[in-house]
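Participant: Please read through the structure below; I'll follow up with questions.
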Amino acid sequence: MANAISTFDLERLAKKYGVRIWLCRRIGRRWSFIEGAGAERVLPSELIYESAETGVFVQGEEFDEAGIKAEVCSLLQPPTAVC
Amino acid sequence: MHMVNDKLSTSAWVNNVIKPEEYEKYLDNGKDFIDDDKIWQQINDSVEPSPERVREILAKSFNVQTLDPTELATLMKVRDPELWQEMYEMAAKVKHKIYDNRIITFAPIYCGNFCVNNCLYCGFRADNDKEKRTKLSLAQVRDEAEAIAGRIGHKRVIAVYGEHPETDADFIAESIKTIYSVSVKTRKGHSEIRRVNINAAPFSVADLRKLQEVGIGTYQVFQETYHHDTYKKLHPADTIKGNYPWRLYVHHRAYEAGIDDVAIGCLFGLYDWRFEVMGLLYHAIELETRFGVGPHTISFPRINPASGSPLPTDPTYNKYLVSDEDFKKLVTLIRLAVPYTGMIITARERQEVRDDVMFCGCTQTDASTNIGIGGYAKNTGKQDIDEQQFMLGDTRSLEELIRDLAKRGVITSFCTAGYRCGRTGDQIMDLLKKGHEKHFCKLNAILTYREWLDDFAGEETKKLGEAVIRKEIEEVRKKTPTIFSKKLYDLTMSYYERISNGERDLYI
C-alpha cells in the first residue's frame, strides 16, 4: 500500500497543530505503524480518521481537533472516507 | 496406498518450501552475519574488567543503548560476585526504566505436533514414534481459546505449530482468525484474546503475508543454536530445518512481508551459552541496522527432557547444559546487551528459578500453561510427555502467579494496547528507547488488572491485587501533571471507572 498521506503533510500538520501525528494501516484488529511526525509525548492516542485500510492517530494536549480532522480528511480522498 | 500418497505429497511439499533467492540476497560474499570465529575471538580476547569499566558499560545499558559485542564479551569475564550483584540490580533497573513495574502474561496454545523435521532435541521430531500426532480442528482451536480467555482470563496467546503441510500458513491464518473471533462472558464483562503471537516455521515472504493479513501480533522463530557446526549436527541436512540461513533470515522476510514485530531466541543447552548470547546480540544488531527495528522480544529457553529425544539432558553427558547460576547470568547479560527488548521467561523453568530470574529484567511470562495439544479444553491437570514437546517446570495457575507477584508489589498486565494504536515497528522502538513506553505500560496495566481482578480473582487474590492497584494509581496521581498530563490522568480514571462498571477493553 502506498502511503496515503505524504511525509511533508504529516510534518506540516504536526507543526501547525502542535501534535504528534501518525499514519497506520489497519490489519484485522491491529493498527500497524507506517509513518509519523512530531515529538512523542505521554498522551492519549486519538483516532481522528479511519477508512477500511488506513487510520490516522493524533496525540496532543490542547489542539484544534476539528481543524486537523478536516485537513486530514481533505488529504485522504476519496471523499467517501468515513471521518 | 493412501499412506504412500500422503508421504509423497508431504515430500513434494517439503521440496517446495525453501526459496534460496529470499535469503541469498542478504548474504555477504555467501556468508551470513554470524561469524563463529570472530565471536570466539571476542570472547577469548576479553579480559576481566575493572569495576569502573563494568560501570561504564552498565551506564550505557541504562541509557538504553545496545551494547557492542566486545562490551558484552567483557561483561562475561566478570568474576567478582559483588559486581555480578550490581549487574543483576542494573538489569532490573533497566527493565523498570523501559517497562515499569509490570509483568505481562500469556498462554501458549499448541495447535499441532506434526513435523517434517528431525531435530535431535525435540519431542515433535518426525522419527519419534512415541509421540501421539494430532492437529486441532478449528472447532478445537476455538475450544482452547474459550478456555484460555473464559476460564483463565488471559488476553494474549502464542500459538505454536510444527512444520508440516497439515499446519501450513493457510491453516495458521485460519486458526488465528478463529482465536480472534472468541468472546466469552465473564463475571462482570467479557473476555477475549486480543493479541495472537505465533511460534512457527520459517515461512516464505508470500506465506508470511498471509499471516500478516490476519493481524498476527509477534512472529517468533528461534534459531535454536547460532553455532554453525552444532546447528548442522542437530538438524539433519535432508530436512528443511537443516538449512541454517533459511531460518536465520526469516525475520528479514517477515519485515519484507509487513510484519513489524518479530521475536528471536535460542535453546540453551545445545552449545556454549556465552556464544549463544553473543549470537542473540549479533542478531538484534543485524535487525536494528538493516530495518531500524530490533527484536520485539528475546526468549532463552533451556533444554528440558523431551519424549524420544536422544540428546542427553543429564550434565554428565551434555557439557553445554546451563546451570541455574549461569542461567541467571545469561538472562542478565541479554537484558543489559539489548536494553529495549521484551524478554520472556517461561514455565519450562522451575518455580524457584523463575521467581529469581524474572527480576533480572524479564518482561513476560506464561501461567496456567498447558502444552498438550487441546490441553486447556481437556483440563486434566496432568502432563503427558508423549503428548507434549517437553516437560514443564512450573505448573502454577495464573491466579497463583498473580498472587505471588502481588506479594512482591508487582502488577500483572494484560495490556495489548500498543499494537492497536500503531505503537509498533519504528514507533515502538523510539518510545522504548526514550523511556516513554513505560508510562503507557503503567496505565494499561492498571486498566487490564482491574478487568482481571473483577472477572477472575478469588477473594485472597483480589485483596492482594487491590493493594497493588491502589499503589499504582497513587504513583500515577503523584506524577500528574509532571509525567502524566491532567488530560491523560482524567481519561485513565474515567476508563477505570467504566471498567469497574463492566465495560471492557478500554486502553490508552
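No value in this document is a laboratory result; all are computed from the given coordinates. Note that the structure is predicted; figures quoted are calculated from it, not measured. Cβ: placed from backbone, ideal geometry, glycine included. Neighbour counts: every protein chain shown.
Participant: Give me a comma-separated list of calculated 3J(HN,Hα) values for the range B:170-179, in order, Karplus coefficients 6.51, -1.76, 1.60 applied at θ = phi - 60°, integers in Hz, x for any Gly or Pro.
Facilitator: With coefficients 6.51, -1.76 and 1.60, one gets 5, 5, 4, 4, 5, 5, 5, 4, 4, 4 Hz.
Participant: Which whole-number percentage describes the relative contact order of chain B, with Cα contacts under 8 Å and a sequence gap of 6 or more? Numbers along the way, then the final one.
Facilitator: Values: 906 pairs, mean separation 101.2, N = 508.
RCO, chain B: 20 percent.
Participant: If you don't mind, there's one more thing I want to ask. Under unit Cβ charges (Lys, Arg +1; Asp, Glu -1), what dipole magnitude, rounded to 20 debye, does the protein assembly as shown have relative to its Cα centre?
Facilitator: Working: 80 positive and 88 negative charges, 279 e Å.
In total the dipole reaches around 1340 debye.
Participant: Please report the net charge: other residues with Cβ closer than 14 Å to the Cβ of B:Arg420, K and R +1, D and E -1. Display every interim value, and only then the final one.
Facilitator: On the way: positive: A:Arg25, A:Arg26, A:Arg29, A:Arg30, B:Lys155, B:Arg156, B:Arg194, B:Arg195, B:Arg423, B:Arg504; negative: A:Glu46, A:Glu50, B:Glu192, B:Asp260, B:Asp261, B:Asp505.
In short, +4.
Participant: How much net charge surrounds A:Gly55 when only the other residues with a Cβ under 13 Å from the Cβ of A:Gly55 are counted, with Lys and Arg +1 and Asp and Glu -1?
Facilitator: Values: positive: A:Arg25, A:Arg26, A:Arg29, A:Arg30, A:Lys69, B:Arg420, B:Arg423; negative: A:Glu35, A:Glu46, A:Glu50, A:Glu53.
My count for the surroundings of A:Gly55 gives +3.
Participant: State, to one decimal in nm, how far the label point of B:Asp356 lies from the label point of B:Asp426, with both points 7 Å from Cα in the Cβ direction.
Facilitator: Between B:Asp356 and B:Asp426, the simple spin-label model gives 4.4 nm.
Participant: Give the long-range amide H neighbours of B:Tyr507: residues separated by 5 or more places, or on another chain, with amide H under 5 Å away, using H modelled in the peptide plane at 1.01 Å from N.
Facilitator: none
Participant: Quick one: length gained pulling B:Thr289 to B:Glu503 fully straight, 0.36 nm per residue minus the C-alpha distance?
Facilitator: On the way: separation 214, 0.36 × 214 = 77.04 nm, distance 4.24 nm.
So the extension gain works out to 72.8 nm.
Participant: For B:Lys462 and B:Arg55, FRET efficiency with R0 = 41 Å and r from the beta-carbon atoms, rounded to 0.05?
Facilitator: On the way: r = 43 Å, r/R0 = 1.04.
So, using R0 = 41 Å, E works out to roughly 0.45.
Participant: Under a point spin-label approximation (7 Å from Cα along Cα-to-Cβ), what is the A:Ala66-B:Thr395 distance to one decimal in nm?
Facilitator: A separation of 6.3 nm, rounded to one decimal place.
Participant: Given just the C-alpha atoms of the protein assembly as shown, how large is their convex hull per residue in cubic angstrom?
Facilitator: Values: hull volume 96.3 nm³, N = 591.
Output value, Cα hull per residue: 163 Å³.
Participant: Semi-axes of the range A:7-75's equivalent ellipsoid from the Cα gyration tensor, sqrt of 5 times each eigenvalue, largest first, rounded to whole Å? The partial results should precede the final answer.
Facilitator: Details: eigenvalues 64, 34, 25 Å².
So the three semi-axes of the range A:7-75 are 18, 13, 11 Å.
Participant: Using the Karplus curve 6.51 cos²θ - 1.76 cosθ + 1.60 with θ = phi - 60°, what ³J(HN,Hα) values do you get for each residue of the range B:392-409, in whole Hz, with x for Gly and Pro?
Facilitator: 7, x, 9, 10, 4, 6, 4, 4, 5, 5, 4, 5, 5, 5, 4, 4, 9, x
Participant: What nm distance separates the two modelled labels at B:Lys93 and B:Ser181, each placed 7 Å from Cα along Cα→Cβ?
Facilitator: According to this spin-label approximation, the distance is 5.1 nm.
Participant: I need the P(r) histogram for chain B: all alpha carbon pairs, bin width 20 Å from 0 out to the longest distance, whole percents.
Facilitator: So the P(r) values, bin by bin, are 23, 59, 18, 0.
Participant: Turning to a different aspect of this structure: For the protein assembly as shown, what does the helix formula give at 222 nm: sum of -39500 (n - 2.57) over DSSP H segments with n ≥ 4, over the residue count, nearest 500 deg cm²/dmol?
Facilitator: Details: 23 runs with 258 residues, N = 591.
Result for the protein assembly as shown: -13500 deg cm²/dmol, rounded to the nearest 500.
Participant: Using only the alpha-carbon atoms, how far is helix A:65-75 inclined from the longest principal axis of chain A? Give it as 0 to 90 degrees, nearest 10.
Facilitator: For helix A:65-75, the angle is close to 40 degrees.
Participant: Let me ask something else about it. Size of the dipole of chain B about the Cα centre, Lys and Arg at +1 and Asp and Glu at -1 on the beta carbon, nothing else charged, in debye to 20? Present the calculation step by step, with values, prior to reporting the outcome.
Facilitator: Details: 70 positive and 76 negative charges, 335 e Å.
Roughly 1600 debye, rounded to the nearest 20.
Participant: Taking K and R as +1 and D and E as -1, what net charge do the other residues with C-beta under 11 Å from the C-beta of B:Gly265 add up to?
Facilitator: Details: positive: none; negative: B:Glu224, B:Glu276.
Taking every Cβ under 11 Å from that of B:Gly265, the sum is -2.
Participant: Here's something else I'd like to know. Grab the beta carbon distance between A:Glu11 and B:Ser323, set R0 = 51 Å, and tell me the FRET efficiency rounded to 0.05.
Facilitator: Calculated transfer efficiency: 0.45.
Participant: Sticking with this one: On a full-extension model of 0.36 nm per residue, what is the gain between B:Asn15 and B:Gln65, subtracting their alpha-carbon distance, rounded to one decimal in nm? Let's see the in-between values first.
Facilitator: Numbers: separation 50, 0.36 × 50 = 18.00 nm, distance 4.21 nm.
Gain on stretching B:Asn15 to B:Gln65: 13.8 nm.
Participant: Work out the charge dipole of chain A with +1 on the Cβ of Lys and Arg and -1 on the Cβ of Asp and Glu about the Cα centre, then indicate which of A:Leu47, A:Gly28, A:Val58 is farthest towards its positive end.
Facilitator: Result: A:Gly28.
Participant: R0 = 45 Å: FRET efficiency of B:Lys487 with B:Arg79, Cβ-based, nearest 0.05?
Facilitator: Numbers: r = 51 Å, r/R0 = 1.14.
Once the sixth-power term is evaluated, E becomes 0.30.
Participant: Additional query: If only Cα atoms are counted, what is the Rg of the range B:435-500, and what is its Dmax, in Å?
Facilitator: Calculated on Cα positions, Rg and Dmax stand at 12.1, 36 Å.
Participant: A further question on this structure: HN-Hα J couplings of the range B:225-234 from phi, Karplus 6.51/-1.76/1.60, θ = phi - 60°, integer Hz, Gly and Pro as x?
Facilitator: So the J values, rounded to whole Hz, are 9, 8, 7, 4, 5, 5, 4, 5, 5, 8.
Participant: With all pairs of different alpha carbon atoms counted, what Kirkwood hydrodynamic radius in Å does the range B:220-295 show? Working shown, then result.
Facilitator: Numbers: mean 1/r = 0.0781 Å⁻¹.
About 12.8 Å for the range B:220-295.
Participant: Now, a different point. Restricting to Cα pairs below 8 Å that are 6+ residues apart, what does the relative contact order work out to for the range B:205-308? Please round to a whole percent. Write out the running numbers ahead of the final one.
Facilitator: On the way: 133 pairs, mean separation 34.4, N = 104.
Computed value for the range B:205-308: 33 percent relative contact order.
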